[in-house]
Structure formats: C-alpha cells, structure tokens
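Bear in mind these aren't lab numbers, they're just calculated from the coordinates by the rules spelled out. This is a predicted model, so every value here is computed, not measured. Cβ sites come from the backbone with ideal geometry, for glycine too, and all protein chains shown count toward neighbours.
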Amino acid sequence: MPYEIDETHDQSLQSWVESANDPATDFPIQNLPFVRAVFADEEDRTFLTSAVVIGDQLLILELVAQVGLLDEVVDTDLIESMLLDEIYSDMTRNERQRFRARLVSLLSADNDELKGHDVAEHALVPMNEVQTLPAFECHDYTDFYASVYHATNVGTMFRPDNPLLPNYKWIPVGYHGRASSVVTSGTPIRRPNGQLSPAEEGGAPSFGPCKLLDYELEMGVVVARGNELGQPIAIGDAEDHILGMCLLNDWSARDMQKWEYVPLGPFLAKSFATTVSPCLVTMEALVPFRCPAMQRPDGDPKPLPHLTDEHDQSQGGLDITLEVFLASKQMRDQDMEPIRLSKGSFKDMYWTIAQMLTHHSSNGCNMQAGDLLGSGTISGPTRESRGCLLEMTWDGDPFANPAVIKPGTERTAIELPTGEERKFLADGDEIIIRGYCERDGYRRIGFGECRGIIEPAVI
C-alpha cells in the first residue's frame, strides 16, 4: 500500500512552537525528524533518549510518554527508554503513521494537551544546548553505487571504452561498509594512512597519508523493521521496512582506493570514516516529495521481476535537493562564507531505495532495525551536479561525443575566494552537506547539515 498525503502534510498547519513557523526552518511541524539527545544526570553520567526536532527545539519523547500523552500510539512498556530501535523494530507502517499523526496533533497551535501541560516546560529543550546523535545506533552499514551518472563518470576515467561493467544496469551494486566508523555530523575526520598506488606500472606501492582525499555526497536510508534470516523482503513491501533518510558523506581516499579495489572492491579507502546527519526525516514526512523512478534510456534492460513494482516505478523516486559546500581553514579564519561546490537531486538515481533494500535481502540476508544503507555518490548529468571532487575537477564528459572524451587525469582545480585551489581536500577543509525538499502547495522541509573538518594524518 503506497503512502498517501494526509492532514499532517497540510501547509497551513502552524505550531505553538513559534520557531517551527519560520518559513526558513528545516523543521516545521510537517517534518518532525528524529534524533537522539545526550543528557547528563546528577552524577554526571550520560544517557540517551529519543527526540523529535520542531523548529529550533527538541521534544523529548520519554517525558511526553511518561505523562500519558502517547499512550494511544506507543506500547507503555517502551516508555522507560523511548529509543527508536525499540519503538520501531516491531511497528507496522500504519502504526508509524499513527505515531506521527499524534506528534503533529500535540504540537499543533490549536491543541493545548501538551502546550498547557506542566511537562512542556521540561520536554522542550533548545537544540543548540544539547548534543545530538543520529536517531539510530548504526548496527550494520552497506554502501551502494546507485547513480548511473557517477558510475559512468568514474568508469570513463579508468575504462573510457567500457565505463559501466555488465552487471550495473541489472543489480544495485554495493559493498559491505564499516559500521563502527559511522560518525555523527561535526566529528573531526582524520586523514587516513594507507598503501598508495605505485607511481609507475609494476612499481612498489608506498605507505603514508592519503594525498587524494575526497568527500562523497550521499543519502542514508535507515531500516525500521528487519526480516527473518532466509526470508527476502519483496519489492512491494520494501518501504514498510524503511524508517527514513539522512544526509551521508562517505569519505574516500582515492589513491588508496585505486590500489586496493581490485578484485574485491573498497576496503581501507572507505572504512576510516562515514559521516551522517543526526536528523532522520521519516518516510511519512517525505510523501509530498515522491516522484517517478528515473526514466531509463531506450535500450537499457528492465529490472528483473523481483526488482520491479508498479508503484515503485511511479512513486519510488524522491525529489530531494542536495548541496555541498566547502570552507578552508583560511576562509574560516577570515570569516568567509563557505562556497557551494555542487547542487544536485536525489531524483537522478538509477536505482530506488526500495530496489536497494530488496536486492540486499534477496538472498535471504536478515536486515535489522538500525541498519544503514548508503545510496552511493549522488551525481547528475551536468558538471555542477557531480557529487565528489573526483568528478567535479575532472575535465572529461562521458555523455558527449566519444571522440571528444578526455580520459585520464586531466583536471581543473576549484579556486577558493582566498586564492587557494583544490583538486582534492586539504587539511583544515570543512565539507558541509545540506538537503531539502520543496514543492508548490507544501511546506519546505530539510535534513539539517552533515559536516566534517579534515585533520592531519597521524605520522
């Protein structure tokens, strides 16, 4: 059953939390993304609890539940912890929708149940006064390669006559990432050491700090409800198992990657860090921004039956605008604004999120609540919509006449306002990813930010 637009998406809805009514906020009442908030008790011991973001405030769900305001939508046995992996691991889509509708009702301007309750004074906390973490503890992490534009660009650099391998248009290609190094926005990123590809063919590799450090603009998909080992998730049921989406930066050491990726794919070039935004925007909030899956060019194969669903083809895409910004240390020292490197859209992805999850489980792999799926680098058909520096600075155009393709390493550096130039990331550089959804007749909603500053390698 597809998601449907309902009263929680009404653009005229206002909240008694005034900051949520600001047209510029990422977090109006129509959004309500989840985060985990970190608090300290009287003995200075830290604990986590789930919250939703409303304007510039956090609503602490545990406190709202303790006074009975969520009794009709949440099992009372879960009130003590109110952590999302416990709340959502057994919830159906209908139950998630009821939970969202109840939160919207409690925060609406015309509802005094929470506003007039004594608990409101303690349940609402300014977001900038509390440390926030991603809504789920990441249990497992898989990264896909779902943008045909990215795959074609990168393939052309190394295989100009055969950029896409034979399997690309038949399966959502992915690799098993490292969950332990998934970190929250704002965590410093240490430049990795590793084996670097030989300067000359047949030569010996060197070991040292990565010289070609890159970001990758991605979206993260978080699993809400798992499946039993040996029981695949059908394509028509896939989104019943998805809670929502966040911003994701899959940092990449390109010189290490070039040396190690054959024959088993990425390893140390990817496992040193993956940054995610703390805010998890639910699939329910994203309903007004659904769109058709990417139209495949004539001649491309149709997905096999287990990856084909009529609704997924008509509404499996998501119109999410994504922007990447860079601020060097010099720029920050001089109070300069970050420069925008690229602007793209998630609707340009070749594979849908349902297809990714279905393929992942098609062999009977058991997904779990809190599993994270990365989309792979999100790139579009223009240079301005490329999702990483490997593509941004490359002068080739795989979609032009093959006779004028410039394969190889020809690159044009990006010039910063300070006069600095970048082909890849330098120590002190900060990458900022932002994402939002807009559509006439609906409130704009956003994902917040996904940030990270590069620190020097340990020598």
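Remarks
- Interatomic Cα distance distribution for region 130-231, bins of 5 angstrom, percent: 2, 8, 12, 16, 19, 17, 13, 8, 4, 2, 0
- Based on the Kirkwood approach, the hydrodynamic radius assigned to region 113-189 is 17.1 Å, with every pair of different Cα atoms included.
- Projected onto their three principal axes, the Cα atoms of region 7-133 cover extents of 43, 33, 26 Å, largest first.
- For P(r) over Cα pairs in 20 Å bins from 0, in percent, calculated from these coordinates, the label among (1) 27, 58, 15, 0; (2) 24, 52, 22, 2; (3) 24, 56, 19, 1: (3)
- Sorted peptide list for 212-219, 429-436, 417-424, 101-108, criterion being average Cβ within 10 angstrom, highest first: 212-219, 429-436, 101-108, 417-424
- Taking one quarter of the surface of the C-alpha convex hull of region 180-322 gives a mean projected area of 12.3 nm².
- Over the chain: helical MRE at 222 nm, DSSP H runs n ≥ 4 each giving -39500 (n - 2.57), nearest 500: -4000 deg cm²/dmol
- For region 105-114, the Karplus equation 6.51 cos²θ - 1.76 cosθ + 1.60, evaluated at θ = phi - 60°, returns couplings of 4, 5, 9, 6, 4, 9, 10, 9, 4, 8 Hz by residue, with Gly and Pro reported as x.
- Over 20 Å apart at the Cα level, from the set Lys169/Lys270; Lys258/Lys343; Lys258/Lys347; Lys258/Lys329; Lys169/Lys347; Lys347/Lys423, are Lys169/Lys270; Lys258/Lys343; Lys258/Lys347; Lys258/Lys329; Lys347/Lys423.
- Summed residue charge, Cβ within 15 Å of Lys302's Cβ, Lys/Arg positive, Asp/Glu negative: -3
- Net charge, Ser147 excluded, C-beta distance under 13 Å - Lys, Arg +1, Asp, Glu -1: -3
- In region 313-399, the chymotrypsin sites (Phe, Trp or Tyr not before Pro) that fall in loop regions by DSSP, at most 14 other Cβ within 10 Å: Phe399
- Net charge, Arg96 excluded, C-beta distance under 10 Å - Lys, Arg +1, Asp, Glu -1: +1
- Antiparallel DSSP beta bridges within region 141-455, percent to nearest 5: 85 percent
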